[in-house]
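For reference, the structure discussed in these notes is given below.
The values are calculated or read from the model by the stated rules, or taken from the named source; none is laboratory data. As the structure is a computational prediction, the values presented were derived from the model and not from experiment. FYI the Cβ positions are ideal-geometry reconstructions off the backbone, even for glycines, and counts take in every protein chain you see.
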Amino acid sequence: MLIEKQIEAENNKIIIQKIEMNQTTNHDPNSSFHMFGKYYQDNLLKLIWKYLDLDPHHKLLYIGESGESFIPVLEKTSALLQPVVWGEECGAPHTDKKLKRIEQLDNYSFDRVLLVNAVQYFQNPSETFTQVLNTLHASGKILLVHRPGPITTLPFFRKAKKKLEEQDYPYMKIFESLRKLGADVQWKIEHVPVTIKKDDWLSLLGMKIAPILQHLSDYEVATGLQELTQGCLKYSEEVVSFEDRLMFISAHKLSEEGGAYPSIQRSGCVHSTPPHSAVWDLPLKLPLTEDLIKYLHKPSKPKCLFKRMF
């Protein structure tokens, strides 16, 4: 009986500590920066510009989390001539912005589509990919920023990591779905640096700002915070640094007249020939003219290296 009372008292102490932490957090839900901070946001945006090939005249559709911080920055830094359309909210607790559902968008109405940590929230990802591709112009491009659960590098506690893996949508299924739709796919893993105060990171977890934490109970989050403060973050400095491992998946439509074949390849690798053996070893011939004959020399007879014995 005494042991049960001690356990209950300890649990109450943990929950009280979590509530006090939530009250002292420095995170502003209406902040113009990403919840991981401006340094993280700046580095993430650089990678988005790198893989999305966004020009001022492009019309952009945004789908995913952290739209409040990403959309204004994208419009400003990319000098977009048209406002960014926020498609569907994924994982965020609330927003005052009017969102447009993907099925309500017109075909061939966008040049670029950006999805940020959104795939795991789709009820039917393959159907959503079809709808997104339909909204693109012929030369349009999609960029998916995906955080694979099994290889995440964020300092979550064990139950949060397990929940992230359970809700993860495998990236191989993303590749296969896009390939079946006739899209050419490229991918690459990038590590986005995060520098944040330790108390601010724990506060973000305590407030369940990260979407994955909304599926956990207050008690599970409270015990998870204790796990971190008594574990990997116990002797860390006031400011902690880590990396967010993300997969950047880009896809674009293939020309129906070009005769190209959809492929899945790591970013930067380009196939020199289409993946069909029927077009290999073509019988190509070049006629030899008199102008070229004068540059050719008759092969000399090989010298005999052995003298005749008889």
For Val194, which of the numbered conditions (1) in a helix (DSSP H, G or I); (2) more than 12 Å from Phe157 (Cα to Cα); (3) modelled with pLDDT of 90 or more fails to hold?
(1)
Test set (1) farther than 30 Å from Tyr108 by Cβ; (2) buried (at least 19 other Cβ atoms within 10 Å of the Cβ); (3) free of Cβ contacts under 8 Å to residues at least 60 places away in the same chain; (4) not aliphatic (A, V, I, L, M) - Ser203 fails condition number:
(3)
Restricting to segment 142-164, and then to whatever is in contact with a strand residue (DSSP E or B) (Cβ under 9 Å, 6 or more places away or on another chain) and not β-branched (Val, Ile, Thr), can you tell me which residue is nearest to Leu54 (Cα to Cα)?
Leu143
Considering only segment 156-185, how many residues are under 13 Å from Lys253 (Cα atoms), outside any helix (DSSP H, G or I) and not charged (D, E, K, R)?
4
Given (1) touching a strand residue (DSSP E or B) at 6+ places or on another chain (Cβ under 8 Å); (2) at pLDDT 65 or above; (3) of a type outside the set (Lys, Arg); (4) farther than 30 Å from Leu205 by Cβ, index of the condition Ile264 fails
(2)
List the pairs whose first member sits in segment 29-48 and is closer than 11 Å to Pro193 by Cβ and modelled with pLDDT of 90 or more, whose second member is of a type outside the set (A, V, I, L, M, F, W, C) and assigned to a loop (DSSP other than H, G, I, E, B), and whose Cβ atoms are under 9 Å apart, counting only residues at least 6 apart or on separate chains?
Tyr40/His34; Leu44/His34
Six or more apart or on different chains, Cβ under 7 Å: which pairs go from a residue in segment 162-183 that's of a type in the set (A, V, I, L, M) to one that's part of a helix (DSSP H, G or I)? Could you list them?
Leu164/Gly149; Leu164/Ile212; Ile174/Val119; Leu178/Phe129; Leu181/Phe129; Leu181/Thr130; Leu181/Leu133; Ala183/Leu133
If you take the residues of segment 208-251 that are small (Gly, Ala, Ser) and not in a loop (DSSP other than H, G, I, E, B), which of them is nearest to Ile151 (Cα to Cα)?
Ser241
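Could you pull out the residue among Ser236, Ser177 that is over 24 Å from the mean Cα position of the chain (by Cα) and surrounded by 14 or more Cβ atoms within 10 Å (Cβ to Cβ)?
Result: Ser236 is the single residue among Ser236, Ser177 that is over 24 Å from the mean Cα position of the chain (by Cα) and surrounded by 14 or more Cβ atoms within 10 Å (Cβ to Cβ).
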For Ile212: the one exception among (1) out of contact with any Lys or Arg (no Cβ under 6 Å at 6 or more places or on another chain); (2) under 24 Å from Asn124 (Cβ atoms):
(1)
Picking from Thr153, Thr130, which residue would you name as being farther than 27 Å from Thr223 by Cβ, hydroxyl-bearing (Ser, Thr, Tyr) and at pLDDT 90 or above?
Thr130
Inter-residue pairs, beta-carbon under 7 Å, first in contact (Cβ under 8 Å) with a residue 60 or more places away in the chain and more than 18 Å from Leu164 (Cβ to Cβ) and in segment 221-250, second charged (D, E, K, R) and part of a strand (DSSP E or B), 6+ apart:
Phe248/Lys188; Phe248/Glu190; Ser250/Lys141
Just to be sure, is Thr153 under 17 Å from Val85 (Cβ atoms), among the polar types (S, T, N, Q) and touching a residue at least 60 places away in the same chain (Cβ under 8 Å)?
no
Selection count, segment 126-147, where residues are touching a residue at least 40 places away in the same chain (Cβ under 8 Å) and surrounded by 19 or more Cβ atoms within 10 Å (Cβ to Cβ):
13
